[in-house]
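The next block holds one structure in the form of structure tokens; read it before the comments.
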Amino acid sequence: MRIPGVMLIGALMAAATAAQPLAVSEPVEPGDVLQIQVYAGGERQSDFTVTVTPDRTIVCPLIGSVEVDSAGTAEIGAKLRALLARDFYVDPQVLVSIKEHGARIYVLGEVKHPGVYLLTDGPTLLSACALAGGFTDFAAPQRAKLARSDGGKLTYITVDLMKAKRGKTEDVRLRSGDRLEIPRRLF
């Protein structure tokens, strides 16, 4: 048995969802490997992976080198869509996702396994400490320092990781090249 009103509501909801897709944009860092899929004419036209270079560009078939700057996955998809629609496809749909995070960070000081780490899912200060095996017994996580290079200028940010662990302060998202230093506790 069909109910016309229910079918109409379902059709309207489907049309509204198709008109405004929910695009989640993840930030892209140099070294990230992106999976890019291009659809046009109802079929997949292209499926390829690219690596974001240190100068924040990617090289794509048909269109060549594309600057991605500090864009996220949704913005990169929109940029590629515009470039492909201009010369190659009619109304293409471009899906961009991060296949592998390539950001490397340095965790130093009073952690069990200091070293260089490749950040994967959710690159934050606390996840970096977990990757490094946690704090030693002599660590002072309340006085952690994050060294970050912004435009060639090195800045230091002091962070209380114990407050971040309790949710009292933000767990800072890391960028490629960041250096986290956990100092030794003063007795």
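Some notes on this structure:
- Selection count where residues are closer than 12 Å to residue 34 by Cβ and either in contact with a helix residue (DSSP H, G or I) (Cβ under 6 Å, 6 or more places away or on another chain) or open to solvent by 20 Å² or more (accessible area, probe 1.4 Å) (or both), scope the stretch 58-73: 3
The rows are residues; the columns are (1) open to solvent by 40 Å² or more (accessible area, probe 1.4 Å); (2) out of contact with any Phe, Trp or Tyr (no Cβ under 7 Å at 6 or more places or on another chain); (3) of a type in the set (A, V, I, L, M, F, W, C).
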position	(1), (2), (3)
141	no, no, no
153	yes, yes, no
172	no, yes, yes
175	yes, yes, no
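- All conditions in (1) closer than 30 Å to residue 66 by Cβ; (2) β-branched (Val, Ile, Thr); (3) touching a residue at least 12 places away in the same chain (Cβ under 8 Å) hold for residue 136, with the sole exception of (1).
- Pick from the stretch 155-170, criterion open to solvent by less than 70 Å² (accessible area, probe 1.4 Å) and not in a loop (DSSP other than H, G, I, E, B), ranking: nearest to residue 129 (Cα to Cα): 161
- Scanning the stretch 114-133 for residues that are within 22 Å of residue 50 (Cβ to Cβ) and open to solvent by less than 60 Å² (accessible area, probe 1.4 Å) turns up at least one hit.
- When the residues of the stretch 86-106 are filtered to those that are more than 27 Å from the chain's Cα centre (by Cα) and not hydrophobic (A, V, I, L, M, F, W, C), the one that is least open to solvent (accessible area, probe 1.4 Å) is 89.
- Pairs with Cβ under 7 Å, 6+ apart, first in the stretch 81-101 and basic (Lys, Arg), second assigned to a loop (DSSP other than H, G, I, E, B): 81/92
The values are calculated or read from the model by the stated rules, or taken from the named source; none is laboratory data. Computed from a predicted structure; not experimentally measured. All Cβ positions, even for glycine, are placed from backbone atoms using ideal geometry, and neighbour counts span all protein chains on display. Protein only, heavy atoms only, side chains kept; ligands, DNA and RNA dropped before computing areas. Shrake-Rupley method; radii C 1.70, N 1.55, O 1.52, S 1.80 Å.
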